[in-house]
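S.K.: Mind having a look at this structure? Questions to follow.
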Amino acid sequence: MNPMQEVEVLRAACCVAGIDGEVTENELVMINQLAAKAGVGRASLEAMIARGKADPEFYKEQFRVLKDRPRKSMVSILKVATADKSLSADEIDVMRKFADKLGISSESFDAVIEKVSKRSD
């Protein structure tokens, strides 16, 4: 992925991690890894995380243009979402919207969520 794509995935990950109003320590570890890879500084990252926690509509701004490597993008986002060993309905809902924007079929998305859910049971 190019740097802009990595930033886009990072922003989406912040949306997913913060949708429930908090970012767990495990989610933060994954987000920090994505930020380091994208070359995003601490202040920018903290702003993204804060927006992800405070603005439930933040997800709407993601993946408007950059749609390259959709599966890789979704894998990165899913890793953040499952870092705390659970998937909330809000996290799944936001990821479903990202999958749709990225052109990933509902069937493919549902199959992945079912597989991940079985692992955490």
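S.K.: For a Förster distance of 22 Å, can you work out the FRET efficiency between the beta-carbons of Glu61 and Glu22, rounded to the nearest 0.05?
M.R.: 0.60
S.K.: Just the number, please: Stokes-Einstein D of the stretch 38-121 in µm²/s, Kirkwood Rh from C-alpha pairs, 4 °C, 1.567 mPa s. List each step's numbers first, then the result.
M.R.: Details: Rh = 13.9 Å.
This corresponds to a translational diffusion coefficient of 93 µm²/s.
S.K.: Here's something else I'd like to know. With unit charges on the beta carbon (Lys/Arg positive, Asp/Glu negative), name the residue among Gly52, Gly41, Met95 whose Cα is farthest towards the positive pole of the charge dipole of the chain.
M.R.: Among Gly52, Gly41, Met95, the one farthest towards the positive end of the dipole of the chain is Gly41.
S.K.: When only DSSP loop residues count, what trypsin sites (Lys or Arg not before Pro) in the stretch 23-98 have their Cβ near at most 16 other Cβ atoms within 10 Å?
M.R.: Answer by residue number: Arg64, Lys67, Lys85.
S.K.: Let me ask another. Are there GluC sites (Glu not before Pro) in the stretch 21-104 that DSSP puts in a loop and that have at most 14 other Cβ atoms within 10 Å, and which ones?
M.R.: Of the GluC sites (Glu not before Pro), the ones in loops of the stretch 21-104 whose Cβ has at most 14 other Cβ atoms within 10 Å are Glu22, Glu57.
S.K.: Follow-up question, since we're still on this one. Going toward the positive end of the dipole of the chain, with +1 on Lys and Arg Cβ and -1 on Asp and Glu Cβ, which of Val23, Ser86, Ser106 do you reach last?
M.R.: Going by the charge dipole, the pick is Ser106.
Here, each number is a calculation from the coordinates, and none is a lab measurement. Being a predicted model, the structure only gives us computed values, none of them experimental. Every residue, glycine as well, gets a Cβ built from its backbone with ideal geometry; the counts of neighbours run over all protein chains shown.
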